[in-house]
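Structure, as structure tokens:
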Amino acid sequence: MLCLHSLEDAAEIFKALSTNTRIQIMDLIYHNQNLSMNDLANLLGITNSAVTLHISKLEKAGLIRISTTSGKRGIQKIILPLYDRIIIDMFKPQNNRALPYYEDSIAIGQYTKAEIHPTCGIATSQEIIGELDDPRVFSYPERFKASVLWLGNGSIEYNLPNRLRAGQLIRELQISFEISSECPSFNNDYPSDIHFYINDTLLGVWVSPGDYGDRKGLISPNWWPAALNQYGLLKTLLINEKGTFIDGTHKIGDVTITDLAIDYNSDINLKFAVPKETSNCGGMTLFGDEFGDYSQNIKMKLYYYSKDNKEENDA
């Protein structure tokens, strides 16, 4: 599956699929194995040179790959699709296009602290680590390869990379992740109060609507049991000078980026927590790049500007 996080990222794909002929080509190669360029020309009733032009555009957009094989008339080029699904995020969170930023991806298993209470579990793309509902497995070394974890209540904390240099000032922090509640088995209507912290400062609370399991996660491994967490919602935590937001529009707190006092020497510790005493103690599930619906880990963008520019603007 291919996940694209903006309309701009999908521009080449839109161009590639802007003609009926190329749509027909994609349909043919999905439903017929090992079609060659000659096969496509015959099926579509067009010339080989026209097929070559269309295939070039599809290949440039990253939708297909070309494999060569021996045939009765020499080497044949076989056209194969690269993805069975494409997901495009139409909504783009508020950002600072004019500002430079650092971007990092943090794997689900790379947490630095964990307080875990059942129901709970952790898994790699190959297997469940240890036993279900055993908090001890969160300390096993295999957890660094994990791509999904869940807990009934407690917290999980990540040390995010701080790539700021001397003279660079943070303007905005964007952190995106796939998340849901955690219910034994699953329940699409199972609210959970998920608390977000940076450096132990409570940013705000977002209520996860449920623990989704009515269908299989789009990218979850085939072996993943149907009774376990299947997919979540892709959410973006945003902290800027106006406060703290989910998806750029839903304000969950008044803590600003200035309040966090992050400079180039600071740690940036992100904590997800579901306290036992919260009103909706519905647990939490975090999905990585091999589980759920979105092929991504925890993604962070740190927007910054230079101290010299700030002083010029203030003058």
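Before moving on, here are some points about what is shown:
- Region 2-86, relative contact order [Cα under 8 Å, separation at least 6], %: 34 percent
- 16 Å tail of the calculated P(r), region 172-267, as % of Cα pairs: 60 percent
- Between the listed residues GLN168, PRO141, LEU40, the Cα displaced farthest toward the positive end of the dipole of the chain, a dipole computed from Cβ unit charges relative to the Cα centre, is found at LEU40.
- Intensity falloff of region 6-118 expressed as log10 I(q)/I(0), Debye formula with alpha-carbon point scatterers, at q = 0.15, 0.16, 0.18 Å⁻¹: -0.77, -0.82, -0.94
- Fraction of the pair-distance distribution of region 229-315 above 20 Å, Cα-Cα pairs, percent: 54 percent
- Remark: the chain carries a charge dipole of roughly 1420 debye about the Cα centre, counting +1 on each Lys and Arg Cβ and -1 on each Asp and Glu Cβ.
- Summed over qualifying helices (DSSP H, 4 residues or more, each -39500 (n - 2.57)) and divided by its residue number, the chain shows a 222 nm mean residue ellipticity of -4500 deg cm²/dmol.
- Restricting the calculation to Cα atoms, every distinct pair contributes to the Kirkwood radius of region 1-70, found to be 12.8 Å.
- More than 21 Å apart - percent of Cα-Cα pairs taken over region 93-311: 52 percent
- The value obtained for region 88-220, namely the Cα convex hull volume divided by the number of residues, is 150 Å³ per residue.
- Segments 141-154, 247-260, 282-295 sorted - mean Cβ within 10 Å per residue, highest first: 282-295, 141-154, 247-260
No lab work stands behind these numbers, since they all come straight from the coordinates. Note that this is a predicted model, so its numbers are computed, not measured. For neighbour counting, all protein chains shown are included, and Cβ atoms are generated from backbone atoms with ideal geometry for every residue, glycine included.
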